[in-house]
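Have a look at the structure below before the remarks.
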Amino acid sequence: MEKRGRGAKAPSVSAPQQPPVTPRKERRPSMFEKEAYAQILRERLRESIHDVQYVEPPFDDSIADLGKEWKSALAKLKFANSYRMEPLKKFQAHSVETKVQQILKESLQDVKYDDKVFSHLSLELADRILSSVKEFGYHRYKFIIKVLFIQKTGQAINIASRWIWDVAWDSWVSAKHETETFVALVLVFALYCE
C-alpha cells in the first residue's frame, strides 16, 4: 500500500482509456420516404400476428403514387377482426341436407361395394359435397365432411361424434344412401368462426 501524505509522491496518471469502438446501428427508414414505405409495410405485415384487411396509404401526394408497389407489398389479403359475433346468414340444415342427398343419389346410383373403389370415391364425394355446400355462401363457417361406406353383412353399427360448439350458430347435417350391398353415410359439420 502506498502512503499518502505531505511528502508522498502523487501516483502517476496514465492516458485515459478510450472505450471500444462499436459499429453504429443502421437507421430505420422513415415511413415518409417514398421508397421505404413499401418496405416498412412488408416488414410490419411479416411480423404482425394480427390480420389486416386494408391498410390505408398515406395522404401525402409525394407518396400517393406508389400504386402497384404499395399493393404488391400486401402479399396476401388478410382480414381484420370485425368483432362480429353472429353470422350474416345462418346455416340452414334442411337446404344443405337436400343438396347432399341429391349428390349421393347421383353419384352412387349403380355402384356395387368395393373397398378399393370406395377409398377414392369417398374423397371425391367429400370434395364435391364441400364445394356444393360452399356455394350456399355461409361466410365464416368452416365445414367438416365425413363420408362413411359400410358394407351390408348383417351387422349393426353405431356412429357417434362429440364436439364442443356454440349451439346458437353451429350445426350438422346427415344424409344416408342405402343400396343392397352398402350404406353410405355423410356427415356435414358447420362451425361458425367468430
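The values are calculated or read from the model by the stated rules, or taken from the named source; none is laboratory data. Values in this document were obtained by computation on a predicted structure and should not be read as measured data. Cβ atoms come from the backbone with ideal geometry, glycine included; neighbour counts cover every protein chain shown. Heads up: the accessible areas ignore ligands, DNA and RNA and are worked out on the full protein's heavy atoms, side chains in. Shrake-Rupley method; radii C 1.70, N 1.55, O 1.52, S 1.80 Å.
If packing is taken as the mean number of other Cβ atoms within 10 Å per residue, what is the order of 123-135, 172-184, highest first?
Ranked by mean Cβ neighbours within 10 Å, highest first: 172-184, 123-135.
Please name whichever of LEU121, ALA168, VAL111 sits farthest to the positive end of the charge dipole of the stretch 110-180, dipole taken about the Cα centre and charges placed at Cβ: Lys and Arg +1, Asp and Glu -1.
Of the listed residues, the answer is ALA168.
Probe of 1.4 angstrom, ligands and nucleic acids ignored: what's the accessible area per residue over the stretch 96-186, in square angstrom?
Normalised by residue count, the accessible surface of the stretch 96-186 is 67 Å².
Check the stretch 92-182 and count each lysine pair with an alpha-carbon distance under 22 angstrom, considering only pairs eight or more places apart or from different chains.
Close lysine pairs under the 22 Å cut-off: 21.
Using the crude model of +1 on Lys and Arg Cβ and -1 on Asp and Glu Cβ, and no other charge, please compute the dipole size for the stretch 108-189 relative to its Cα centre, in debye to 20.
That gives the stretch 108-189 a dipole magnitude of about 220 debye.
Can you pull the accessible area of TYR113 for me, 1.4 Å probe, Å² to the nearest 10?
About 70 Å², ignoring ligands and nucleic acids.
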